[in-house]
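The structure under discussion appears below in the form of structure tokens.
The values are calculated or read from the model by the stated rules, or taken from the named source; none is laboratory data. The structure presented is a predicted model; accordingly, all values stated were derived computationally and were not measured. Positions of Cβ are generated from backbone atoms using ideal geometry, with glycine treated the same way; all protein chains shown enter the neighbour counts.
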Amino acid sequence: MLHSTPHRRIAIASDHAGFDMKAALAITLRDAGHDVVDLGPHDTARVDYPDYGYELATAVADDRADVGIAICGSGIGISIAVNRNPAMRCALVSDALSARLARQHNDANVIALGARLIGIDMARDCVDMFLATPFEGGRHGDRVAKLSTPPHAKDPA
């Protein structure tokens with residue numbers, strides 16, 4: 001399934017809606033030789049996606065993982081939670097092209113997937129492309145730098 005990609009430490013987390021997809025992707029990634037840091041949950045009991053999104057963001061920001069994969073029902077909520085950390089560039093992706101562009105143009109260090117919106121085969125394609133695509137740099141570099149250092153709001157007075 002996965003292209004030949006360099007060994008990575010990959011943090012993965014979900015909510016209850018994304019649990020089955022998370023478990024399947026973790027197996028695929030381990031089988032491809034990656035170290036997987038499974039941040040939970042560890043069953044399908046109801047949980048709150050922000051808790052897992054924050055933990056995933058911290059794991060990547062603290063260098064416990066090189067990149068991350070975040071999963072919830074739509075992918076929207078957990079991506080918002082991950083992106084609360086200024087070191088994160090989490091992109092919600094739904095196909096291989098969006099995963100490629102997230103890495104190539106935005107240097108995404110986390111992707112978010114919607115378990116209720118895409119199937120496991122498409123999720124694997126997204127992860128494969130995310131891991132296989134390098135950041136293009138060039139004209140995108142300055143833009144990406146601005147993502148972690150937004151200008152301060154101007155005084156409205």
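Values for this structure:
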{"item": "Qualifying residues in segment 35-56 (those that are in a loop (DSSP other than H, G, I, E, B) and under 15 Å from the mean Cα position of the chain (by Cα)) - the one surrounded by the most Cβ atoms within 10 Å (Cβ to Cβ)", "result": "39"}
{"item": "Residue 76 vs. criteria surrounded by fewer than 22 Cβ atoms within 10 Å (Cβ to Cβ), of a type in the set (A, V, I, L, M), farther than 17 Å from residue 24 by Cβ and modelled with pLDDT of 95 or more", "result": "yes"}
{"item": "Those residues of segment 112-157 which are modelled with pLDDT under 80 and closer than 23 Å to residue 6 by Cβ, in sequence order", "result": "136, 137, 138, 141"}
{"item": "Meets criteria (assigned to a helix (DSSP H, G or I) and either at negative phi or touching a residue at least 60 places away in the same chain (Cβ under 8 Å) (or both)) for residue 142", "result": "yes"}
{"item": "Among (1) buried (at least 19 other Cβ atoms within 10 Å of the Cβ); (2) farther than 20 Å from residue 24 by Cβ; (3) not hydrophobic (A, V, I, L, M, F, W, C), the one test that residue 114 misses", "result": "(2)"}
{"item": "Conditions (1) within 15 Å of residue 122 (Cβ to Cβ); (2) surrounded by fewer than 19 Cβ atoms within 10 Å (Cβ to Cβ); number of the one not met by residue 99", "result": "(2)"}
{"item": "Checking residue 81 against (1) under 20 Å from residue 18 (Cβ atoms); (2) surrounded by fewer than 16 Cβ atoms within 10 Å (Cβ to Cβ), the condition it does not meet", "result": "(2)"}
{"item": "Of residues in segment 60-104 being charged (D, E, K, R) and outside any loop (DSSP other than H, G, I, E, B), the one farthest from the chain's Cα centre (by Cα)", "result": "100"}
{"item": "Residue in segment 13-31 that is part of a loop (DSSP other than H, G, I, E, B) and under 21 Å from residue 134 (Cα atoms) present", "result": "no"}
{"item": "Residue within segment 125-134 that is in a loop (DSSP other than H, G, I, E, B) and over 23 Å from residue 26 (Cβ atoms) present", "result": "yes"}
{"item": "Some residue of segment 38-57 being among the aliphatic types (A, V, I, L, M) and under 17 Å from residue 120 (Cβ atoms)", "result": "no"}
